[in-house]
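One structure below.
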Amino acid sequence: MLLRRVRVARRHLSSDSVDSVRVGRAVTRLRNGGDFKPVGALATLPPRLGATLEWLCQKDALGQDALLICAPAERARARRAAFAFAELVNAEAFYVGVSPDTAEADLRQRRELTGSGNAAWSDAAPVRAALAGGVLILDGLERAERNVLPTLNNLLENRELALDDGRRLVPEWRLAQLRDEVNMELLAVPQTFRVIALASPAPPFTGRALDPPLRSRLQAHVVPGFDVDELPPHEDLAAACAALVEIERANAVAAAASRSSDTTFAFSGTAIKRVARHASDARAVLERCYPPLAGPYLLGKAVSKDAVEAVDRVLGAPVADEGAGRADGALWLSATQSRALAAAQSDLKNGEHVALVGPAGGGKSIMAARVAPAARLQTCHKDLTARDLLQSRATDPATGASTWRDGPIIEAMRAGSSVILDGAHRLPRGVLAAALSRALHDGVVDLPDGSRLEAAEGFRVVAVAEPGAWLGDGDVAACFSSHAVPEWADDDIEAALAHLVPGCDARALAAVARRSREDGDAATRLSIRSLLRVARRLAAGEANVKALVEEALMAAFLPRRLRDKVDDWFASSSDEEVEATAAWAVGAVDGTVVARRDGIDVATVAMRGRGRAPELVPSLPNYVPTRAAEAAVAALVQLEAAGER
């Protein structure tokens, strides 16, 4: 064990004090600790990282800042080494997850409103680390936008930084010299302050190369990667991992030579070790941690087939799921979906965070609700920042002071419950890893309000997302146990529709769905969600299948070539002529709204009443019930009757 090789050299300042620590040949001094001192990182540090720990102690003894270089998928190893060093030297560790939306205010100071109506400045983590003489950990330098990190150049080189509130950080040894010469408040930066940055080389991995001035201020070290000897005893798994490691190394070299990252996906030994503790089947472990094996489409880009073929040579070809789909309450699951649901439930029970990845409208959200029934919901969108994913700004209504409001993820961490990240693929690249990587790996997060939170027992994250490049970032894939959620098999569509929506023409709709899949165009492919929407409207009394399908596909906005393709599905249908001559009318009858076609009641919905604010109920004295207007209102009544939005 690494801890047995860490020897403490005791230099007694008094009868019960120790001022230095030795790792191998490196000796460095201890700090005074504090509230932000990490605990537990040293005990769980992989033995191969002993050399990294010794190197960090050497740099600390020389007063130099460090840069730990690793593949994105192994970022957790480098981060563990940084926190283990801070724990070893009894220093406080201040963490900053760098993302594309990281701004100068996140690295220096942020302006806050106080209860008295005045403004005050709040120190960011780098400033607090400098004042405390702790260790500042900058995770993900390659994700930062240009001209953001240079904010810290002077702090790295000279231990000086001008703050927005008029104060200035200066080295401890210069404080006495400048105090009588400068007319401003000076704050001392202790000599124990250190910066440890984590980054991945770009290329071969996605990101931005470091600016030369910043790179020159950091001493670089390549963190030893995963070795199959670290795995639990499992011959097949070790052999397959060894093959994958070699292929990924070759891909990285080729990508670096061509300055491209299109075919690079870093292998995560951290995730493999974590999942292998409770999953015995070697292929099941690899498919959860190495998305190209679960389905090449999951990454949204071409992936080298060599990796898949190498695993097949070791473990044998995967066995196809057999058997028909089955009803499961309000769900209809194909054989593959049943296996994915059972595996996801098992992973969540064993402490894993789960990612359900599949095409849009394929039933992922319903499966996520089955996996984590009482989970909170975090809806993701492209404008959500890493900071807002954790906490957002709010104003105290009583005092007017600015405060931080916990998001659903932080609420789940405090309560020890589950949270669903719906639409994780929509987040800007790098945001998910910057905000949640440490929380998902270590159960700890440094919040924007300056506090540190440890997750309560039972905290789990279920990410729901479509395939795409977001999962191709190794640091994201390493956080989750990934499961592919495909659509229904062709043979299951008719039985599924008949079970879920009794009364619809399941056979006709299933035939249309199969045609949409055979054409192979994503724009005209009917998803499970679209099929169920059309089926519910058919069951509610609408009869024009062609019109409903065109509406579901938004065919009016498709190119002519694709519209003609949809028309071919209904070449023998006369629905269009019938619909063109139909006369629609909408009227109120005994507290209900009735839509009629050619004098026949088609849909009925109850009036909702005027509510508590009748002035908000619209009144349309100038409404003219033209044929087109009545048809549009009737369509809305039918949607309401069918329970659609």
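Using a probe of 1.4 angstrom, how much of the accessible area of the chain is carbon and sulfur, in percent?
Ligands and nucleic acids excluded, carbon and sulfur reach 51 percent.
Quick one, which of (i) 1.03; (ii) 1.05; (iii) 1.00 is the actual Rg/Rh (Cα atoms, Kirkwood Rh) calculated for this model?
(ii)
With every protein chain present, what is the per residue accessible area of the chain (1.4 Å probe, Å²)?
Numbers: 29980 Å² over 645 residues.
Value returned for the chain: 46 Å² of accessible area per residue.
Which whole-number percent is the relative contact order of the chain (Cα, under 8 Å, 6+ apart)?
On the way: 1150 pairs, mean separation 72.4, N = 645.
Once normalised by length, the contact order is 11 percent.
Tell me, what is the FRET efficiency for GLU172 and GLU411 to the nearest 0.05, using R0 = 45 angstrom and their Cβ-Cβ distance as r?
On the way: r = 41 Å, r/R0 = 0.91.
Efficiency for this residue pair is about 0.65.
Let me spell out the model: positive unit charges on the Cβ of Lys and Arg, negative unit charges on the Cβ of Asp and Glu, origin at the Cα centre of the range 469-618. What dipole size does that give, in debye rounded to 20?
Details: 19 positive and 25 negative charges, 104 e Å.
Using only the charged Cβ atoms, the result is roughly 500 debye.
I'd like the GluC sites (Glu not before Pro) in the range 530-566 restricted to DSSP loop residues with at most 15 other Cβ atoms within 10 Å, sorted by number.
Numbers: sites: GLU542, GLU550, GLU551; in loops: GLU542.
For GluC sites (Glu not before Pro) across the range 530-566 that sit outside H, G, I, E and B with at most 15 neighbouring Cβ atoms in 10 Å, the list is empty.
Would you give the gap between the C-alpha center of the range 51-116 and the C-alpha center of the range 552-567, rounded to a whole Å?
Their Cα centres are 53 Å away from one another.
Scan around ALA463 for amide H atoms under 5 Å from its own, H built in the peptide plane at 1.01 Å from N, and keep only partners 5 or more places away or cross-chain.
The list, which skips near neighbours in sequence, is VAL354, ALA355, LEU356, LEU421.
To the nearest 500 deg cm²/dmol, what mean residue ellipticity at 222 nm is calculated for the chain from DSSP H runs of n ≥ 4 alone, each contributing -39,500 (n - 2.57), summed and divided by the residues?
Numbers: 26 runs with 242 residues, N = 645.
Helix contribution divided over all residues of the chain: -10500 deg cm²/dmol.
Pick out, in residue order, every one of the trypsin sites (Lys or Arg not before Pro) in the range 93-155 that is DSSP loop and has at most 12 other C-beta atoms within 10 Å; say none if there are none.
Numbers: sites: ARG108, ARG110, ARG111, ARG128, ARG143, ARG146; in loops: ARG108, ARG146.
Those that pass, being in a loop and sparsely packed, are ARG146.
Taking R0 as 22 Å, what's the FRET efficiency between ARG517 and ILE366 from their Cβ-Cβ distance, rounded to 0.05? Don't skip to the answer; put the middle values down first.
Details: r = 21 Å, r/R0 = 0.93.
It comes out at approximately 0.60.
Going by alpha carbons, how many degrees (0 to 90, nearest 10) lie between the helix axis of 528-539 and the longest principal axis of the chain?
For 528-539 against the chain, the angle is about 30 degrees.
Give the lysines reachable from LYS59 as a straight Cα distance under 27 Å; neighbours fewer than 8 places away on the same chain don't count.
Straight-distance partners of LYS59: LYS37.
The values are calculated or read from the model by the stated rules, or taken from the named source; none is laboratory data. If you're wondering where the values come from, they're calculated on a predicted model, not measured in any experiment. Cβ: placed from backbone, ideal geometry, glycine included. Neighbour counts: every protein chain shown. The protein model used for the area step is the full one, side chains on, heavy atoms only, and it has no ligands, DNA or RNA in it. Shrake-Rupley method; radii C 1.70, N 1.55, O 1.52, S 1.80 Å.
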